[in-house]
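Inspection log for the structure reproduced underneath, given as structure tokens.
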Amino acid sequence: MFAAALRRGAGAVARDRPATASIFDICRVVTTGASNPAHAAAAAATTAAESAKPANVQEFQIYRWDPESGGKPQYQTYKVDTDACGPMMLDVLFKIKDEQDNSLAFRRSCREGICGSCAMNINGTNTLACLSKVDKASSGAQKIAPLPHMFVVRDLVVDMANFYAQYKSVEPYLKLKSGDLKKGVENLQTKEERAKLDGLYECILCACCSTSCPSYWWNQDQYLGPAVLMQAYRWIIDSRDEYTEERLDKVNDAMKLFRCHTIMNCSKVCPKGLNPAKAIAKVKTMVH
């Protein structure tokens, strides 16, 4: 019966069963809509209008360096129709890599400002490419460079090994002396104690703040930097942690902590709207 219905066509089934909706009714509607001359003419007119619209071609100067080629770093200019791609700088990079130069290297992952992978310097400001909107009204070239004062692996990819090693050094996890955690006892805290962590735990470790700090530029081998110090503070004030004094002693150093001169660049560029400078100031008051 089903095969017979198929042979008679969707229209026949729809006529035979007017009171019952089926997949054939949907097919019939879609088919008749597509074959409607008026609809086809409207679609053609829309396509023609879009093709006649002038392209918004903009220039993007992107930092390029390949260690294997042996050449010097340089800015390479690409022209992109920004009306034909997504609204963010990451979309522009994808379009260039997909359509013009697949050798372009950059990090990316979530596209939602959560992972921190696409951190770079865009038009002179550290930010995330996935959250940075393209200025489609700009007539000048827009610049994209790697995070400043970091060793470049290739193009827009920087070496994050030292940054992660510093993060590891502050032991970013709960530490207990009582051993209750091993006994399976839940480690509770009040709502007020939990609220103290707001504005700290949201850090995605993109390094935008640290690489915008002049003190970190010149002393990143010793100064922990805004991101790491903010995370150190996050664990120092956690009511569940039992190593508060030891944590304070560990960061109480002229270079690790007090190299911060409260320039505030870190708080200005944080793509998550956090305030590392305030956290560092809190740590300074706690060690005295």
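Okay, here's what the table says:
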{"quantity": "Accessible surface of the range 198-288 [probe 1.4 Å, protein heavy atoms]: carbon and sulfur percent", "calculated": "51"}
{"quantity": "12 Å beta-carbon shell around Asn252, net charge (K/R +1, D/E -1)", "calculated": "0"}
{"quantity": "Cut-off under 5 Å, modelled amide H: who pairs with Leu147 long-range", "calculated": "Asn121"}
{"quantity": "Neighbourhood charge, 15 Å Cβ-Cβ cut-off, centred on Glu171 and excluding it, Lys, Arg +1 and Asp, Glu -1", "calculated": "+2"}
{"quantity": "Filtered GluC sites (Glu not before Pro), the range 61-145: DSSP coil and at most 14 other beta carbons within 10 Å", "calculated": "Glu68, Glu112"}
{"quantity": "Rounded Å value of the spacing that divides the Cα centres of the range 208-242 and the range 62-111", "calculated": "31"}
{"quantity": "Neighbourhood net charge (15 Å Cβ-Cβ; Lys/Arg +1, Asp/Glu -1) for Trp218", "calculated": "+1"}
{"quantity": "Average accessible area per residue (Å²) across the range 134-288 - probe 1.4 Å, nucleic acids and ligands excluded", "calculated": "52"}
{"quantity": "Rg in Å to one decimal, and Dmax rounded to a whole Å, for the range 112-188 via C-alpha atoms", "calculated": "19.8, 65"}
{"quantity": "Selection of trypsin sites (Lys or Arg not before Pro), the range 81-186, meeting DSSP coil and at most 10 other Cβ within 10 Å", "calculated": "Lys136, Lys177"}
{"quantity": "Cα convex hull of the range 218-279 - mean projected area over all directions, nm²", "calculated": "4.6"}
{"quantity": "Per-residue ³J(HN,Hα) for the range 248-265, Karplus 6.51 cos²θ - 1.76 cosθ + 1.60, θ = phi - 60°, Hz, x for Gly and Pro", "calculated": "5, 4, 5, 9, 6, 8, 4, 9, 4, 10, 7, 6, 6, 10, 6, 6, 6, 4"}
{"quantity": "Cα Rg, Dmax, the range 132-260, angstrom units", "calculated": "18.5, 65"}
{"quantity": "Once the Cα gyration tensor of the range 62-158 is diagonalised, semi-axes √(5λ) in Å", "calculated": "20, 16, 13"}
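The values are calculated or read from the model by the stated rules, or taken from the named source; none is laboratory data. Predicted, not measured: the structure shown is a model, and the values here were computed from it. Reconstructed Cβ throughout: ideal geometry from the backbone, glycine too, with neighbour counts over all protein chains shown. The protein model used for the area step is the full one, side chains on, heavy atoms only, and it has no ligands, DNA or RNA in it. Shrake-Rupley method; radii C 1.70, N 1.55, O 1.52, S 1.80 Å.
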